[in-house]
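The values are calculated or read from the model by the stated rules, or taken from the named source; none is laboratory data. Model, not experiment: these values are computed from the prediction. So basically every Cβ, Gly included, is an ideal-geometry build from the backbone, and we count neighbours across all protein chains shown. Protein only, heavy atoms only, side chains kept; ligands, DNA and RNA dropped before computing areas. Shrake-Rupley method; radii C 1.70, N 1.55, O 1.52, S 1.80 Å.
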Amino acid sequence: MGVSLRNVSKEFGAARVIEDVSMDIPTGGFAVFVGPSGCGKSTLLRMIAGLEETSGGTIAIEDTDVTHVEPAERGVAMVFQSYALYPHLSVFDNMAFSLRLAKTPRAKMREMVREAARILKLDDHLDKKPSQLSGGQRQRVAIGRAIVRQPKVFLFDEPLSNLDAELRVQMRLELTRLHRQIGATMIYVTHDQVEAMTLADKIFVLKGGIVQQAGAPLDLYDDPDNRFVAGFIGSPAMNFIAADVIGRDAGDVVLRTRGAEAHEFRAAVADPGLATGAEVEIGIRPEHLRLDAAGMPVRVEVAEELGDVSYLYTRMADGTEIIVERHGSRDRLDGETVSIATDPRHVLVFDRQGQRLR
Ligand SMILES: Nc1ncnc2c1ncn2[C@@H]1O[C@H](COP(=O)(O)OP(=O)(O)O)[C@@H](O)[C@H]1O
Ligand SMILES: [Mg+2]
């Protein structure tokens, strides 16, 4: 196993910021920790790096317990949001820095830096100073500095957050290619669920220092364990509607929205705990709603037309916002009242604690 955490916790004084985290990241895997600001992503990464002591539990890298091993001895290399380059050193010398410290023979050092520069398309920039490079190139130097150390595990802490949107997309692709090329274990921290979805083979969604769910990107998207994950993964976000269970029919649960203009939805949910009278929330993704005269009336406040797709920002009678995604139609619906419907298998049900009922 590339990286294994067992019951890891972290306290800063009285504040518990990581709570009983266990995970396994296979050798060569690309794991992403994602969650809102302050949820503990960086702390967890820094604990794996050895920059933060653990308050409880164990951390293993390549099946060796490193919980109390010095950072430099763990075989990890970290890349930060702030590139942390030496401004007075050339690109070559920045990348060679750790090799020099390790007294790597000159010829070997040159070879390793040139190889990293080739992978990162920095060949033509080796003599420049960081100030002569673009943001994307600087971040590539920071990644190059990690590559030459040939770590067992690469640790990335929001490395693309300082770049503009277009460059972020480009660097995202480069990171995926880099991972395929060098095949090392990588752990990547971000607050951006799109980065998580596109980079990871396994995502760990964190909130309040607790792993809410771990899994392949599309498994989290299609089959979230709770309301937080359902709402966090996916853009535009899943729609949530308060509803009451009013019975069962032909294997479906029948639910009724609250308020004056109540409307019925059906959900393909088998959970026997879902009793008549239960107060729940239903979740429906924007792309699973369609216009249907027999559906629930909503008022379109704004229609965003993006050409291939349009998003209708609508409101139910009680004010709940519902986003509807449409493809291939360009009729102007701003200000109109439309009716929307979905299929029972696309209606997710969450209990009052936000746990998913399947
Ligand atoms: N050195 C520290 N001392 C005290 N509290 C800290 C320290 N570092 C982080 N925290 C707290 O731990 C929590 C998690 O922080 P962090 O891991 O940086 O979150 P994230 O990277 O997800 O934004 C936050 O509440 C933060 O204020
Ligand atoms: Mg952070």
### Query
Somewhere in the stretch 28-45, is a residue in contact with a helix residue (DSSP H, G or I) (Cβ under 7 Å, 6 or more places away or on another chain) and either exposed (fewer than 15 other Cβ atoms within 10 Å of the Cβ) or part of a helix (DSSP H, G or I) (or both)?
no
### Query
Considering only residues of the stretch 165-195 that are in contact with a helix residue (DSSP H, G or I) (Cβ under 7 Å, 6 or more places away or on another chain) and either within 16 Å of ligand 1 (Cβ to nearest atom) or hydroxyl-bearing (Ser, Thr, Tyr) (or both), which is farthest from CYS39 (Cα to Cα)?
THR176
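Yes/no per residue for (1) within 14 Å of VAL338 (Cβ to Cβ); (2) open to solvent by 20 Å² or more (accessible area, probe 1.4 Å); (3) β-branched (Val, Ile, Thr):
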{"residue": "ALA230", "(1), (2), (3)": "no, no, no"}
{"residue": "MET238", "(1), (2), (3)": "no, no, no"}
{"residue": "GLY247", "(1), (2), (3)": "no, no, no"}
{"residue": "PRO272", "(1), (2), (3)": "no, yes, no"}
{"residue": "VAL302", "(1), (2), (3)": "yes, yes, yes"}
{"residue": "GLU305", "(1), (2), (3)": "no, yes, no"}
### Query
Which ones in the stretch 214-224 are more than 13 Å from the chain's Cα centre (by Cα) and surrounded by 18 or more Cβ atoms within 10 Å (Cβ to Cβ)?
PRO224
### Message
Here's a check for you: in the stretch 46-69, which residue that is of a type outside the set (S, T, N, Q), in a loop (DSSP other than H, G, I, E, B) and crowded, with 18+ Cβ neighbours inside 10 Å is farthest from ligand 1 (Cβ to nearest atom)?
### Response
VAL66
## Note on the structure
The residue that is farthest from the chain's Cα centre (by Cα), considering only those in the stretch 298-327 that are free of Cβ contacts under 8 Å to residues at least 12 places away in the same chain and assigned to a loop (DSSP other than H, G, I, E, B), is GLY319
